[in-house]
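What follows is a short report on a single structure.
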Amino acid sequence: MNRKKWLEQVQKHKNWLKSQNGEKPNLMDADLWGANLRGANLRDANLRGANLRDANLWGADLRGANLRDADLGRADLRGANLRDADLGRADLWGAKGIKMFGPIGAESRFIYANWKDGKVMFQIGCFYNTMSKAIEAIKKKYGDSLEGKDYISAIQMINRMKYWKQKE
């Protein structure tokens with residue numbers, strides 16, 4: 001996708017978000033390598049397979065975005081809102097502000113954690129909340145089972161990784 005086409009899609013997305021005769025854009029497989037998207041509103045955007053390697057997504061709104069198969073290697077995701085984002089098979093190698101752990105349990109889920117508004121937020125499937133809320137939800141679903149203990153151990157380990165949290 002060339003720059004002109006990409007800018008057209010971004011404008012469509014802005015209009016769609018404002019409900020001003022816009023349409024949901026298709027940024028699937030877009031080459032956004034190294035793009036400065038700091039603070040961008042990419043809510044519900046289709047970025048499946050997009051090349052976002054080295055992109056600055058600090059503080060970006062990626063709620064509900066389709067990032068499946070996207071290359072987010074070395075991208076800066078500090079402060080990004082990833083609630084309900086689909087990160088399935090995304091390459092997160094070297095990305096800042098996010099950690100991934102898994103697969104865990106019978107459902108082979110991955111735990112994603114990112115630093116948002118001064119706290120670590122955990123995403124497990126469609127769940128997105130703080131560490132205490134994540135542990136509460138896991139205990140409710142899995143009780144005292146080995147699977148539940150594995151999830152809780154992983155969450156606690158990720159939370160102890162203080163070095164990856166951003167300095168604001």
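The values are calculated or read from the model by the stated rules, or taken from the named source; none is laboratory data. All values derive from a computational prediction rather than experimental measurement. Counting neighbours? That spans all protein chains shown, and the Cβs are built from the backbone with ideal geometry, glycine included. In case anyone asks, the SASA skips ligands and DNA or RNA and just uses the protein heavy atoms, side chains included. Shrake-Rupley method; radii C 1.70, N 1.55, O 1.52, S 1.80 Å.
Taking every DSSP beta bridge with both residues inside the chain, roughly what % is antiparallel (nearest 5)?
Values: 15 of 26 bridges.
About 60 percent, rounded to the nearest 5.
Report the full-extension gain for the segment Lys18 to Glu147: residue separation times 0.36 nm, less the Cα-Cα distance, to one decimal in nm. Kindly include the intermediate steps, with their values, before the conclusion.
Numbers: separation 129, 0.36 × 129 = 46.44 nm, distance 4.30 nm.
So the extension gain works out to 42.1 nm.
So for each of 60-67, 29-36 I average, over its residues, the number of other beta carbons within 10 Å; can you give me the resulting order with the highest mean first? Each step should come with its number before you reach the end.
Working: 60-67: 21.5, 29-36: 16.8.
Result, highest mean first: 60-67, 29-36.
Once phi is turned into ³J(HN,Hα) by the Karplus curve 6.51 cos²θ - 1.76 cosθ + 1.60 with θ = phi - 60°, what whole-Hz value does each residue of the stretch 95-110 show in order, with x for glycine and proline?
Ordered by residue, 3J(HN,Hα) equals 5, 8, x, 8, 10, 10, 9, x, x, 10, x, 5, 8, 6, 7, 9 Hz.
List the lysines whose Cα lies under 24 Å from the Cα of Lys119, skipping any in the same chain that are fewer than 8 positions away.
Lys119 reaches Lys96, Lys99, Lys133, Lys139, Lys140, Lys141, Lys149, Lys162, Lys165, Lys167.
Run the dipole for the chain about the Cα centre, Lys and Arg Cβ at +1, Asp and Glu Cβ at -1, nothing else charged, and hand back the magnitude in debye, nearest 20. All intermediate terms of the calculation are to be shown ahead of the outcome.
On the way: 31 positive and 20 negative charges, 98 e Å.
Rounded to the nearest 20 debye, it is 460 debye.
Please determine, in degrees from 0 to 90 and to the nearest 10, the orientation of helix 131-142 with respect to the longest principal axis defined by the Cα atoms of the chain, where the helix direction is its Cα long axis.
It is inclined by approximately 60 degrees.
Using modelled backbone amide H atoms (1.01 Å from N, in-plane), which distant-in-sequence or interchain residues come within less than 5 Å of Asp31's amide H?
The list, which skips near neighbours in sequence, is Asn51.
Quick one: which residues, 5+ away or cross-chain, put their amide H under 5 Å from the amide H of Gly79? H built at 1.01 Å from N.
Counting only residues 5 or more places away or on other chains, the set is Gly59, Trp115.
Separation between the Asn26 and Asp84 pseudo-spin-labels, each 7 Å from Cα along Cα→Cβ, expressed in nm?
2.3 nm
So for the stretch 61-118, taking the charge dipole from beta-carbon charges (+1 Lys/Arg, -1 Asp/Glu), which of Phe110, Leu67, Ala85 sits furthest toward the positive end?
Comparing the listed Cα positions along the dipole, Phe110 ranks first.
So for the chain, averaging the separation of alpha carbon pairs under 8 Å that are six or more residues apart and normalising by length, what relative contact order in percent results?
Values: 378 pairs, mean separation 21.1, N = 168.
The normalised contact order for the chain reaches 13 percent.
Over the chain, with every protein chain in place, what whole percent of the accessible area is carbon and sulfur at 1.4 Å, could you tell me? Mind showing how you got there, number by number?
Details: 4410 of 9220 Å².
On the chain, the fraction of accessible area on carbon and sulfur atoms equals 48 percent.
List the residues of the stretch 58-86 whose backbone N lies under 19 Å from a point placed 7 Å from the Cα of Asp117 along the Cα-to-Cβ direction.
58-65, 77-85
Any idea what angle helix 146-160 forms with the longest principal axis of the chain, computed on alpha-carbon atoms, 0 to 90 degrees, nearest 10?
Approximately 60 degrees, to the nearest 10.
Mind listing the long-range amide H neighbours of Ala95? Cut-off is under 5 Å, sequence gap 5 or more, other chains count too, H placed in the peptide plane at 1.01 Å from N.
Long-range HN contacts for Ala95: Arg74, Ala75.
Mind giving me the FRET efficiency for Ser108 and Ser132? R0 is 35 Å, r the Cβ-Cβ distance, nearest 0.05 is fine. Show your work: numbers first, answer last.
Working: r = 25 Å, r/R0 = 0.71.
The formula returns an efficiency of 0.90 here.
By the gyration tensor of its Cα atoms, with a ≥ b ≥ c the square roots of the eigenvalues, what is the shape of the chain: rounded for a/c under 1.5, prolate for a/b over b/c, or oblate?
Details: a/c = 2.13, a/b = 1.88, b/c = 1.13.
Since a/c reaches 1.5 and a/b is larger than b/c, the shape of the chain is classed as prolate.
With a ≥ b ≥ c the root eigenvalues of the C-alpha gyration tensor of the stretch 49-110, is it rounded (a/c under 1.5), prolate (a/b larger than b/c) or oblate?
On the way: a/c = 1.67, a/b = 1.52, b/c = 1.10.
It is prolate, given that a/c is not under 1.5 and a/b is the larger ratio.
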